[in-house]
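Below: one structure, written as structure tokens.
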Amino acid sequence: MKLSVLDQSVVAKGDTAAETFRKTVNLAQMAEQLGYTRFWVAEHHNSNGMAGSSPEILISHIASSTSKIRVGSGGVLLPQYSPYKIAENFNVLQTLFPGRIDLGVGRSPGGSAATRLALTDGVRKSLNEFPRQLRDLQGFLNKELPEGHPYQQVKAFPEAEDPALLWLLGITHRGARLAAEVGAAFTYGHFINPANGKRAMDTYFSQFQPSAALAEPKANVCIFIVCAETQEEAEKLALSQDMWLLAVEKGRDTRLIPSTESAESIQLTHAEKKKIAENRKRMLVGTPRKIKEELQLLSEIYSTDEFMIITNIHDFQGKLNSYTMLAEAFGLS
């Protein structure tokens with residue numbers, strides 16, 4: 001089993017964005033020492049609770065602060081940008097850090113309608129263009145835009161000897177099918193939608209078409225995990241993640257991760273308790289032994305040997321301990 005990290009640089013209550021970024025780098029360095037395969041950062045906009053609005057800059061900083069772990073995006077919001085510019089950005093990164101860069105892209109609009117228009121400078125871009133954009137991005141990365149393409153003579157410099165590996169992030173079988181059709185690697189977001197995972201992964205593996213970058217299908221699954229020595233401790237740590245998710249889904253202005261004490265004091269309605277219970281399907285909470293057993297079961301269901309782990313809790317030491325115990329349980333190092 002290979003384990004990787006997706007860190008969303010979520011701001012804990014009481015921290016600044018600068019402190020949050022320092023913690024992201026510390027986590028990446030520890031993940032490298034523990035034997036994790038990849039360390040990805042996310043892209044979010046117009047949110048006071050998520051500091052990572054520019055994954056390319058964070059990737060460069062993290063890769064400079066580590067030496068061997070693969071660093072990438074989970075993921076760049078392709079519909080808002082030019083495929084050509086993304087290819088240039090990641091060619092620069094791959095040239096600076098050869099063989100270490102992953103380019104994960106997603107179809108998410110990136111926020112509210114106003115936020116999206118701010119990202120596109122007022123240009124109303126259709127999400128229906130995403131498949132075309134993905135193929136253009138692949139063409140720029142691998143220098144294989146077809147004859148007759150309007151940008152066929154345009155090259156993305158610097159030309160990386162070994163382009164960044166392209167990953168498509170998805171939460172449905174349609175996203176999986178697109179990744180398979182273009183021959184990209186695929187990440188399934190169990191942490192967003194656990195219900196359609198098996199169908200999506202089965203679709204990806206059964207319909208995969210080899211590409212210039214990838215001869216065989218390559219996939220992983222992303223999931224929330226909180227691990228501690230006892231079930232009781234894990235549940236206590238996970239409570240701040242429960243409350244944070246609830247705030248995000250309700251669109252509250254403040255989306256900072258609350259402290260454990262603050263989370264324990266929140267009075268919940270029946271509907272909120274029900275929502276938290278539903279959200280627990282998106283995560284694993286428990287001891288190293290329990291989580292190892294559950295991940296091994298999910299590995300069989302999803303037909304993958306790699307999981308990307310998100311742990312969005314307030315207690316940073318608890319977060320480090322969670323990743324450490326998982327690494328030890330799976331014998332990563």
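For the set M30, M243, the ranking by accessible area, highest first and with no ligand, DNA or RNA atoms included, is M30, M243 under a 1.4 Å probe.
The label point for E147 and the one for K290, both projected 7 Å from the Cα toward the Cβ, are 6.2 nm apart. For the chain, the longest principal axis of the C-alpha atoms and the axis of helix 231-249 are separated by about 50°.
For L268, L103, L297, the ranking by accessible surface with the largest value first comes to L297, L268, L103, using a 1.4 Å probe.
Excluding ligands, DNA and RNA, the accessible surface per residue across region 159-297 is 48 Å² with a 1.4 Å probe. Heavy atoms of the protein only, probe of 1.4 Å, neighbouring chains included. What is the accessible area of E216 in Å², nearest 10? Using a 1.4 Å probe on the heavy atoms, I get roughly 130 Å².
Each residue of region 12-20 was assigned a 3J(HN,Hα) from its phi angle through the Karplus expression (A = 6.51, B = -1.76, C = 1.60, θ = phi - 60°), giving 7, 4, x, 9, 9, 4, 4, 5, 4 Hz with x at Gly and Pro.
A probe of 1.4 angstrom, applied to the heavy atoms of all protein chains, finds T187 with accessible area near 10 square angstrom.
Between amide H atoms placed 1.01 Å from N, distances below 5 Å from G104 occur with S73, V76, W167, all of them 5 or more places distant or on a separate chain. Once the cut-off is 20 Å, how many percent of the Cα-Cα pairs in region 24-94 end up in the long-distance tail? Above the 20 Å cut-off, region 24-94 has 31 percent of its Cα pairs.
Over all projection directions, the Cα-based convex hull of region 186-333 averages an area of 10.5 nm².
Extension gain, E181 to N26: 0.36 nm times the residue separation minus the Cα-Cα distance gives 52.1 nm. For region 1-131, the share of alpha carbon pairs falling in successive 5 Å distance bins from zero is 2, 11, 20, 21, 19, 15, 9, 4, 1 percent.
Close amide H partners of K2, meaning residues 5 or more places away or on another chain with modelled amide H under 5 Å apart, are E306, F307. Per residue, the chain reaches -14000 deg cm²/dmol at 222 nm when only DSSP H runs of four or more residues are counted, each adding -39500 (n - 2.57).
With 24 Å as the limit on Cα-Cα distance, the pairs of K85/K198; K125/K275; K23/K68; K85/K319; K250/K273; K85/K125 that go past it are K85/K198; K125/K275; K85/K319. Of the whole protein surface, H149 contributes about 40 Å² of accessible area at a 1.4 Å probe radius. Taking all protein chains together and a 1.4 Å probe, the residues E147, E233, E32 rank E147, E233, E32 from largest to smallest accessible area. Applying the Karplus relation 6.51 cos²θ - 1.76 cosθ + 1.60 with θ = phi - 60° to region 183-200 yields 3J(HN,Hα) values of x, 9, 6, 9, 10, 9, x, 4, 5, 9, 9, x, 6, 9, x, 5, 4, 5 Hz, where x marks Gly and Pro. For region 182-237, the extents of the C-alpha atoms along the principal axes are 48, 22, 13 Å, listed from largest to smallest. Counted over all Cα-Cα pairs of region 281-333, pairs farther apart than 15 Å make up 50 percent.
Legend: Rg and Dmax of region 121-195, from Cα coordinates, 14.5, 43 Å. The equivalent ellipsoid that matches the C-alpha gyration tensor of region 85-240 spans semi-axes of 31, 20, 18 angstrom, in descending order. Tell me the Kirkwood radius of region 159-269: reciprocal of the mean inverse pair distance over distinct alpha-carbon atoms, in Å. After inverting the pairwise mean of 1/r, the radius is 16.5 Å.
Applying the Karplus relation 6.51 cos²θ - 1.76 cosθ + 1.60 with θ = phi - 60° to region 296-308 yields 3J(HN,Hα) values of 5, 5, 5, 4, 5, 5, 8, 6, 9, 10, 9, 10, 9 Hz, where x marks Gly and Pro. Taking only protein heavy atoms and a 1.4 Å probe, the accessible area of the chain is 51% carbon and sulfur. Given the chain, what whole percent of its Cα pairs are spread farther than 24 Å? The calculated P(r) of the chain puts 54 percent of pairs beyond 24 Å.
The values are calculated or read from the model by the stated rules, or taken from the named source; none is laboratory data. Everything numeric in this text was worked out from a predicted model, so none of it was measured. Don't worry about glycine lacking a Cβ; one is built from the backbone with ideal geometry, like all the others, and counts go over all protein chains shown. When the accessible area is computed, the model is the full protein with side chains, heavy atoms only, and any ligands, DNA or RNA have been set aside. Shrake-Rupley method; radii C 1.70, N 1.55, O 1.52, S 1.80 Å.
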